[in-house]
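Novice: Sharing a structure, written as structure tokens. Questions coming.
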Amino acid sequence: MSPSEGSSAAAPRASRGQGDRLKQGSRPNAARPSTRAGARPSPGPRRLSYRLSRTLWVAACLAPALLLFTVVVAYPILGAMAYSLFRWDGIVRGGFAGLANFRRLFGQYPYSARMLTAFWHNVWAFVLTMVAQNGLGLLFAALLAGRTWGAGAYRAIFFMPVTLSLVIVGFLWQLFLNPVWGIVNKGLALIGLARLALPWLGDAHTALVSIILVNAWRWVGFPTIVFLAGMQAVPGEYLEAARLDGAGSGAIFRRVLLPLIAPQVNIIVILTFIGAFNWFELPYVMQGVTGEPNHATDVLGLLFYRSAFGAVDTGNPDVGLGSAIAVVMFALVLAVGCIGALYLRRREIEA
């Protein structure tokens, strides 16, 4: 083979080798992902582990509260709903009854009459509590919001009954309202109003009102503190501007303070309704489980207790009937509370 032929044969081989080297060198570049400007890098193992640890930490913090809520609130509610659908022989569960317990509650005497009486007593308790307890709380808060001497001591005095046990409050006021030697009738006689002395807890016309007023005395400190906190959060410039416009104290209270403390008012109204329809402890302590005298102080909580655990007027324990009352109470409080909260919130926004 001539040199010219060898050189011509070596040239294609060299070009092929060079092409192969170029292909091999371009492969890593082709496999390498292109990074565009502004593209976020994928989270690495460290970021994933941080998110996982944070999720586990939040779950660990929420687990005790969720467990407590499930055991104390959710399970009893669901259990009462289930129990109300069965027949019961005392505390022994029978067969499935459907809505029979609810039909007995609303259509069979004496359960229907007792239910209606207790319901209106709860309504009356709510109305009087709104007037006596929350009205006085608003008045006390308005007085304490000003430059009143000893305001701190008055706040402590007003709130002190809230810290007392309901059993202690009920027992003390039983003594105070005793018609023979109670300090209420003795005090009326001392100031010349002996004709107004009454058997407060023994008269069907005054027993429920007396217990409601005792309850208002015990709780009046709570709305006072809530309203006072709202009033103290009102900027002083608003009040000063109203005074410069010639508004008096009454006009400032109605047109400036009340609209600005609407969130606090809404909270107190909802809590008062819930408390009035869950009322049990004070009537039970002061008047017993039957709501004496002659069911004049009977409320839904007492009726539920008597029906579920038995009493003179309801007969043997009936867990199904008692659970039906509990379900009605829960549905009533939930429905009216939610509707009332939405309505008050809408009025707050419009104001």
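Just so you know, all these numbers are worked out from the coordinates, no wet-lab data involved. Remember, predicted model here, so these are calculated numbers, not experimental data. Virtual Cβ from ideal backbone geometry, glycine too; neighbours counted across all protein chains shown.
Novice: Going by C-beta contacts inside 10 Å, put His121, His295 in order with the fewest on the left.
Specialist: His295, His121
Novice: Rounded, prolate or oblate: pick one for segment 109-350, where a ≥ b ≥ c are the square roots of the eigenvalues of its C-alpha gyration tensor, a/c under 1.5 means rounded, and failing that, prolate if a/b is larger than b/c, else oblate.
Specialist: Here segment 109-350 falls in the oblate category.
Novice: Please state the shape class of segment 46-130: rounded when a/c is under 1.5, otherwise prolate if a/b exceeds b/c and oblate if not, all from the C-alpha gyration tensor.
Specialist: It comes out oblate by the Cα gyration axes.
Novice: For Tyr238, Tyr305, what ranking results if the residue with the fewest other Cβ atoms within 10 Å of its Cβ goes first?
Specialist: Fewest-to-most Cβ neighbours within 10 Å comes out as Tyr238, Tyr305.
Novice: Within 12 Å, Cβ to Cβ, of Ser84, how many net charges do the neighbouring residues add up to if Lys/Arg are +1 and Asp/Glu are -1?
Specialist: Combined, the nearby Lys, Arg, Asp and Glu give +3.
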